[in-house]
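**Q** First the structure, then my questions, so here it is.
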Amino acid sequence: MNDLNSILEPGMLVRHPDRPDWGVGQVQSNAGGKITVNFRDAGKVVFDGARVALVIAFDG
């Protein structure tokens with residue numbers, strides 16, 4: 001779905017496009033299409049990078 005997910009690296013800040021209530025999350029890992037993010041207001045969530053297009057958060 002989103003080739004930009006392939007550039008996500010641990011430490012980068014992201015948002016979930018459909019869950020603004022989760023706040024900003026920090027990428028924990030990105031391996032084999034699975035992206036683990038620790039969100040400020042939702043905790044640790046694992047995504048299928050082919051299904052969810054995470055958005056880089058430049059405003060931290």
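**Q** How many residues, within the range 5-23, are within 10 Å of VAL55 (Cα to Cα) and among the hydrophobic types (A, V, I, L, M, F, W, C)?
**A** Residues flagged as within 10 Å of VAL55 (Cα to Cα) and among the hydrophobic types (A, V, I, L, M, F, W, C) within the range 5-23 amount to 3.
**Q** Also: Which residue is modelled with the lowest pLDDT, if the candidates are limited to the range 1-59 and must be in contact with an Asp or Glu (Cβ under 8 Å, 6 or more places away or on another chain) and of a type in the set (Asp, Glu)?
**A** Taking the candidates together, the pick is ASP41.
**Q** Checking the condition in contact with a His (Cβ under 9 Å, 6 or more places away or on another chain) and either surrounded by 13 or more Cβ atoms within 10 Å (Cβ to Cβ) or outside any helix (DSSP H, G or I) (or both), which residue from VAL45, VAL27, VAL14 passes?
**A** Among VAL45, VAL27, VAL14, only VAL45 is in contact with a His (Cβ under 9 Å, 6 or more places away or on another chain) and either surrounded by 13 or more Cβ atoms within 10 Å (Cβ to Cβ) or outside any helix (DSSP H, G or I) (or both).
**Q** Out of ILE35, ILE7, report the one residue that is without any contact (Cβ under 8 Å) to a residue 60 or more places away in the chain, in contact with a helix residue (DSSP H, G or I) (Cβ under 7 Å, 6 or more places away or on another chain) and among the aliphatic types (A, V, I, L, M).
**A** The conditions single out ILE35.
The values are calculated or read from the model by the stated rules, or taken from the named source; none is laboratory data. Here the structure is a predicted model, which is why all the values come from computation and not from measurement. A quick note on method: Cβ atoms are made from the backbone with ideal geometry, for glycine too, and the neighbour counts reach across all protein chains shown.
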